[in-house]
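Following: one structure in structure tokens, then a few remarks.
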Amino acid sequence: MDSILIDGRAIGPNSPPYVVAEMSGNHNGDIARAFALLDAAKASGADAVKLQTYTADTITIDHDGPGFVIEGGLWGGRKLHDLYTEAHTPWNWHAPLFERARALGLSIFSSPFDASAVDLLESLGAPAYKIASFELVDLPLVRRVAATGKPVIMSTGMAHLGEIGEAVTAAREAGCRDLILLHCVSGYPSAPEDSNLRTIPHLAQAFGVQAGLSDHTLGVAVSVASVALGATFIEKHFTLKRADGGPDAAFSLEPDELKSLVEGTRTAWAALGRVSYDLAPSERGNLQFRRSLYVVADMAAGEVFTEANLRSIRPGYGMAPKHLPEILGRRATRAVTRGTPLSWALVVSE
């Protein structure tokens, strides 16, 4: 599978997993905090930070009728318009955030929620685009993003296979060449047992793309485990401190946890290696501790080998234990002292 490049960083099976720190609304309406989040993401080793580009009025309307007030869950009782007003990243922040990230050597891109957001991000030279799970069914938006020719990452939370197929087709027909699908459970937070990580290789195979994980579980274990199933791209919400609150704080990683995620996924990727039955460098010094055949009692020339004078023991400098049955009952070619590793030279030929 060919690598996909974002700002020159290769993403694919032959590269460490690409880790994206999702800022979302965790800036808590403070641009200084947003800058601090960029700094923390860079220090933690993330490859990129992702924003969300919308306003309350581009994503919903100010209404309190059925469906416009959230029922249950983390945001229960809140109007959609109020929640998005609080959580959105002001559009006039985007240019300074992009500038700061680039100064840090940190990639930055966003999830646009309408065509005007794509226009803004194009003006800033966004290197890639993310389609959020809830927008996967918005095929006109998918086509608009794909038409930029930039790499497109699409989350698949809540989507059935047919809907994913429609989105992939829309992206491909609009010109998308570099596409990554993220397995996602759109619960906030989601339970590890709902993760169904075996979906990751199925996504990759079904659509001929790279697959990764947008992870809303608590902690880093699920993300690290996903690497063993082929995830090349991992996205996780992060904040400076959960205790500071914010729309997404409850299911976000703190900087030390983000660092653990980066290190853990890279270790998991390195551990995958290749199919190999070769002796590992760390094993070579331990060959001496394998079992082998040793004379364990002094023997005279011509004496018969028996279970009393020949045993399989450590260390491993004698003949392999598999030869024991064929040697028992045969005679020694010469006198042999206790502690001598057995060799064919000590056994009379039949």
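Quick rundown of the values:
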{"quantity": "In degrees, nearest ten, helix 31-44 long axis to first principal axis of the chain (Cα)", "calculated": "10 degrees"}
{"quantity": "SER123 - accessible surface, heavy atoms, 1.4 Å probe, Å² rounded to 10", "calculated": "90 Å²"}
{"quantity": "Percent of Cα-Cα distances greater than 15 Å, calculated over region 1-89", "calculated": "69 percent"}
{"quantity": "DSSP beta bridges in the chain [antiparallel fraction, %, rounded to 5]", "calculated": "30 percent"}
{"quantity": "Nearest-20 debye value, the chain charge dipole, Cβ charges on Lys, Arg, Asp, Glu", "calculated": "2060 debye"}
{"quantity": "Nearest-ten-degree value, helix 255-272 long axis tilted from longest Cα axis of the chain", "calculated": "50 degrees"}
{"quantity": "Percent RCO, i.e. relative contact order, over the chain, from Cα pairs under 8 Å lying at least 6 residues apart", "calculated": "15 percent"}
{"quantity": "Over the chain: helical MRE at 222 nm, DSSP H runs n ≥ 4 each giving -39500 (n - 2.57), nearest 500", "calculated": "-9000 deg cm²/dmol"}
{"quantity": "Protein accessible area in region 222-350, 1.4 Å probe - carbon and sulfur %", "calculated": "53 percent"}
{"quantity": "Extended-chain gain in nm, criterion 0.36 nm per residue less alpha-carbon gap, ASP2 and LYS241", "calculated": "82.3 nm"}
{"quantity": "Förster-model FRET efficiency, 35 Å R0, GLU307 and ALA270, C-beta, rounded to 0.05", "calculated": "0.15"}
{"quantity": "Heavy atoms of ARG144: accessible area, 1.4 Å probe, square angstrom to 10", "calculated": "80 Å²"}
{"quantity": "Whole-percent carbon and sulfur share, accessible surface of region 1-118, 1.4 Å", "calculated": "53 percent"}
{"quantity": "Most mobile listed residue (ALA228, ALA171, ALA300) in the chain, GNM with C-alpha springs under 10 Å", "calculated": "ALA300"}
{"quantity": "GNM flexibility winner over the chain from SER155, SER107, SER292 (Cα, springs under 10 Å)", "calculated": "SER292"}
{"quantity": "Stokes-Einstein D for the chain, Kirkwood Rh over Cα pairs, 4 °C, 1.567 mPa s (µm²/s)", "calculated": "55 µm²/s"}
{"quantity": "Per-residue ³J(HN,Hα) for region 9-21, Karplus 6.51 cos²θ - 1.76 cosθ + 1.60, θ = phi - 60°, Hz, x for Gly and Pro", "calculated": "8, 6, 10, x, x, 8, 10, x, x, 7, 10, 10, 8"}
{"quantity": "Among VAL137, ILE70, LEU261 the positive-end extreme of the charge dipole of the chain (Cβ point charges)", "calculated": "LEU261"}
{"quantity": "Out-of-range pairs (alpha-carbon distance over 19 Å; input LYS50/LYS236; LYS79/LYS241; LYS150/LYS236)", "calculated": "LYS79/LYS241; LYS150/LYS236"}
{"quantity": "Accessible surface ranking that places the most exposed of GLU163, GLU86, GLU235, GLU99 first, with a 1.4 angstrom probe", "calculated": "GLU99, GLU86, GLU163, GLU235"}
{"quantity": "Heavy-atom accessible area ranking, 1.4 Å probe, most first, across HIS160, HIS63", "calculated": "HIS160, HIS63"}
{"quantity": "Rounded to whole Hz, the Karplus (6.51, -1.76, 1.60) HN-Hα couplings of region 131-140, x for glycine and proline", "calculated": "9, 6, 3, 5, 9, 4, 7, 8, 5, x"}
{"quantity": "In nm, spacing of pseudo-spin labels at ASP256 and ASP278 (7 Å Cα→C-beta vector)", "calculated": "4.0 nm"}
{"quantity": "Within region 284-310, backbone nitrogen closer than 15 Å to the virtual label 7 Å beyond the Cα of ARG338 toward Cβ", "calculated": "294-300, 308-310"}
{"quantity": "Nearest-10 value in Å² for the accessible area of ASP278, using the 1.4 Å probe", "calculated": "100 Å²"}
{"quantity": "Amide H partners (placed H, <5 Å) of GLY157, local residues excluded", "calculated": "SER133, CYS184"}
{"quantity": "Mean accessible surface per residue for the chain, computed with a 1.4 Å probe while every protein chain stays in place, in Å²", "calculated": "47 Å²"}
{"quantity": "Simple label model, 7 Å out from Cα along Cβ direction - ARG9 to GLU173, nm", "calculated": "3.3 nm"}
{"quantity": "Fluctuation leader among GLU257, GLU326, GLU166 - the chain, Gaussian network, Cα springs under 10 angstrom", "calculated": "GLU326"}
{"quantity": "For LEU253, net neighbour charge (Lys/Arg +1, Asp/Glu -1) across residues whose Cβ lies under 10 Å away", "calculated": "-2"}
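The values are calculated or read from the model by the stated rules, or taken from the named source; none is laboratory data. Keep in mind the model is a prediction, meaning the values are calculated, not measured. Methodologically, a virtual Cβ is constructed for each residue, glycine included, from the backbone with ideal geometry; neighbour enumeration extends over all protein chains shown. For the accessible areas, the whole protein counts, side chains as well, though only heavy atoms, and no ligand, DNA or RNA atoms are used. Shrake-Rupley method; radii C 1.70, N 1.55, O 1.52, S 1.80 Å.
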